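Below: the structure, in structure tokens.
The values are calculated or read from the model by the stated rules, or taken from the named source; none is laboratory data. These figures come from a predicted structure and were not determined experimentally. Using ideal geometry, Cβ is built from the backbone for each residue, glycine included, and neighbour counts are taken over all protein chains shown. What goes into the accessible areas is simple: the full protein's heavy atoms, side chains included, and nothing from ligands, DNA or RNA. Shrake-Rupley method; radii C 1.70, N 1.55, O 1.52, S 1.80 Å.
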Amino acid sequence: MDPQERKVYLTFDDGPIPEATPEILDILAREDVKATFFMVGDNVRKYPEIARRVIDEGHAVGNHTFHHIKALGMGTASYRLDVVQASGLIPSRLFRPPHGWLWSRQWRVLRREGFRLVYYDLVTRDYSRRMDARGVVENVRRYARPGSIIVFHDSLKSIGKLRTALPESIRWLKEEGYSFGLLTADNV
């Protein structure tokens with residue numbers, strides 16, 4: 001992303017789920033911010049109305065595999081099939097591997113399939129049992145910079161912290177002069 005532009009990209013991994021995603025969408029609406037949601041295909045299958053709400057509210061979406069599988073220990077053909085299965089439910093060519101890791105062969109195969117791989121440079125650690133909401137906000141304050149792709153999670157592990165940490169992080173970013181962008185196949 002352009003490090004000269006004072007813009008950040010909020011992203012959410014692992015949803016949609018009814019216990020977290022709607023609350024996150026409500027916070028984003030109150031703060032007038034759009035984000036990119038990297039969705040797990042099986043969650044989209046189970047909760048299509050929440051996935052539809054994400055899109056209807058103007059957020060971008062990306063593929064995060066069908067079963068939230070790790071690339072480690074997976075053959076390239078099996079991994080590719082899981083990603084392709086998810087793409088049948090997720091209208092996007094953006095792809096983020098769970099845990100941020102792929103074998104180089106898997107990466108090449110997915111690129112040939114037309115997927116645009118999206119990583120991140122700021123992990124909030126909102127999923128960690130050792131982290132509280134204040135620590136999540138502190139990670140944003142410490143590591144955000146122009147062009148940052150910031151990863152949060154719309155998950156059960158994170159929602160308790162994000163009720164406080166997400167609006168506080170957004171407000172701090174706004175106070176620091178950041179705007180918020182959406183990830184698309186054209187800008188990654």
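A Förster radius of 22 Å, combined with the Cβ-Cβ distance separating D2 from K157, puts the computed FRET efficiency at roughly 0.10. If you run the Gaussian network model on the chain, springs between alpha carbon atoms under 10 Å, then out of L72, L89, L173 the most flexible one is L72.
Surface composition of the chain: carbon and sulfur atoms hold 48% of the protein heavy-atom accessible area at a 1.4 Å probe.
With the Kirkwood sum run over all distinct C-alpha pairs, the stretch 127-188 has a hydrodynamic radius of 12.6 Å.
Since only P22, V44, T164 are under comparison, the one whose Cα sits farthest along the positive direction of the charge dipole of the chain, derived from C-beta charges on Lys, Arg, Asp and Glu, is V44. Report the Stokes-Einstein translational diffusion coefficient (µm² s⁻¹, integer) for the stretch 1-90, Rh taken as the Kirkwood radius over Cα pairs, at 10 °C with viscosity 1.306 mPa s. Calculated translational D: 114 µm²/s. GNM remark for the chain: springs join alpha carbons under 10 Å apart, and the peak mean-square fluctuation among H99, H68, H153 falls on H99.
Hey, what's the chain come to in accessible area per residue, 1.4 Å probe, Å²? Before the final figure, lay out each step's value.
Values: 9060 Å² over 188 residues.
Here the per-residue accessible area is 48 Å².
Convex hull volume of the C-alpha atoms in the stretch 85-127, normalised per residue: 100 Å³. Computed from the Cβ-Cβ distance with R0 of 25 Å, the FRET efficiency linking T184 to D26 stands at 0.55. GNM on the chain, alpha-carbon springs under 10 angstrom: the most fluctuating residue among K174, K161, K34 is K174. Amide H to amide H, with H built 1.01 Å from N, F66 comes under 5 Å of G41, V83, A86, counting only residues 5 or more places away or on other chains. Solvent-accessible surface (1.4 Å probe) assigned to M74 amounts to roughly 60 Å².
If you place +1 on the Cβ of every Lys and Arg and -1 on the Cβ of every Asp and Glu, how big does the dipole about the Cα centre of the stretch 14-162 come out, in debye to the nearest 20?
Values: 24 positive and 17 negative charges, 150 e Å.
Charge dipole of the stretch 14-162: 720 debye, to the nearest 20.
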